[in-house]
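The values are calculated or read from the model by the stated rules, or taken from the named source; none is laboratory data. Note that the structure is a prediction, hence the values are computed from the model and not measured. Cβ coordinates were reconstructed from backbone atoms using ideal geometry, including for glycine residues, and neighbour counts include every protein chain displayed. Protein only, heavy atoms only, side chains kept; ligands, DNA and RNA dropped before computing areas. Shrake-Rupley method; radii C 1.70, N 1.55, O 1.52, S 1.80 Å.
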Amino acid sequence: MPLFAGGAMVASFPAPYAALDGLDRALRTRGYAVLAPDAVAALAGVDRAELAALTPSWDDLRPDEYLKDGGRYRKRRHSCFVAEDGALRQVPHRMHWQSLDYNALHGGMQRWFEPMDAAVVAQPAWAKLLLALAQVCSARMPVPRWSIEAHQFRIDTADGLGRPTPEGAHRDGVDFVAVLLVAREGIKGGETRVFEANGPDGQRFTLSEPWSLLLLDDARMIHESTPIQPLGAYGHRDTLVLTYRAAGFQGDG
């Protein structure tokens, strides 16, 4: 649907939400699924207020010092977890690493980011959300454990333009990727685009509701988010990205 910003029409395509009971089918047949916030809360067994209680922590992220394009538009925190036998445990703080095969811009670097705040990780909704998504992943790929990396991102427009995916359309080198929109404030852009890795099909849409979810089969799908621009003096887009990998954390040999 068209939106109007500063007198100009900006195209916006609504998110193609799946029903919660159709999540596995969408992931199996299309390689991705999109859930509305109420469905995400139901999946995790929490109410939306419990998810919203996590949101203030995005105001306390740290600048990403590794951006090779010289930008100052990204702030983040990063922590790692293992889901096994129905329980979630946090592992000692570690680097984030991707190969150049998956991230041509920032791959091959040992990137150390500030960890997530312990008070956020301690909230019951945190473990419930990560474990619920682990169960969804296990329905597609039954494995004894999942290595999970959690990334809190804020992309802002302090320099006029913010790039959610400066590396462009990509895969992450994991098995599944969950992207949860946490907040959109005073911006245009930030459109999500997903494409088949080995085919012509793709879809574009905008996640606009807090705690809506895009879940991807990373082997089958390539994804990106378009740059954001401010509607006024300043805006930002907050996301939580969770990656699930059966073969341990990337960079561990």
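Grab the beta carbon distance between residue 123 and residue 72, set R0 = 41 Å, and tell me the FRET efficiency rounded to 0.05.
After rounding to 0.05, the efficiency reads 0.90.
With point charges of +1 on the Cβ of Lys and Arg and -1 on the Cβ of Asp and Glu, referenced to the Cα centre of the chain, which listed residue (223, 80, 242) lies farthest in the positive direction of the dipole?
223
Multiplying the sequence separation of residue 95 and residue 252 by 0.36 nm and subtracting their Cα-Cα distance, what value in nm do you get?
In short, 55.5 nm is gained.
Enumerate the calculated ³J(HN,Hα) couplings along region 70-77 in order (Karplus 6.51 cos²θ - 1.76 cosθ + 1.60, θ = phi - 60°), each rounded to whole Hz, writing x wherever the residue is Gly or Pro.
Calculated HN-Hα couplings, in order: x, x, 10, 8, 10, 10, 6, 9 Hz.
For residue 139 and residue 13 in the same chain, what is the full-extension length gain: residue separation times 0.36 nm, less their Cα-Cα distance, in nm?
Contour length minus Cα-Cα distance gives 42.4 nm.
I need to check one value: relative contact order of the chain, counting alpha carbon pairs closer than 8 Å and at least 6 residues apart, in percent.
Relative contact order comes out at 25 percent.
Scaled to the compact-protein estimate 2.2 N^0.38 Å, what is the alpha-carbon radius of gyration of the chain, rounded to two decimal places?
So the chain has a normalised radius of gyration of 0.95.
Rank 228, 222 by accessible area, highest first, at a 1.4 Å probe radius?
222, 228
Suppose R0 equals 35 Å; then what is the FRET efficiency for residue 29 and residue 159 from their Cβ-Cβ distance, rounded to the nearest 0.05?
Result of the calculation: an efficiency of 0.30.
List the DSSP H helices in the chain whose Cα atoms stretch 18 Å or more along the helix axis and whose mean Kyte-Doolittle hydropathy is at least -1.0.
The qualifying helices are 124-140.
Given Cα pairs under 8 Å that are at least 6 residues apart, what percent is the relative contact order of region 54-196?
Computed value for region 54-196: 32 percent relative contact order.
For every other residue with a beta carbon closer than 14 angstrom to the beta carbon of residue 190, add +1 if it is Lys or Arg and -1 if Asp or Glu, then tell me the sum.
Combined, the nearby Lys, Arg, Asp and Glu give +2.
In debye, nearest 20: dipole of the chain around its Cα centre with unit charges on the Cβ of K, R (+) and D, E (-)?
It comes to approximately 200 debye.
Hey, quick one: spin label on residue 201, modelled 7 Å out along Cα-Cβ, who in region 220-234 has an amide N within reach, i.e. under 18 Å?
Residues 220-224 qualify, since their backbone N sits under 18 Å from the label point.
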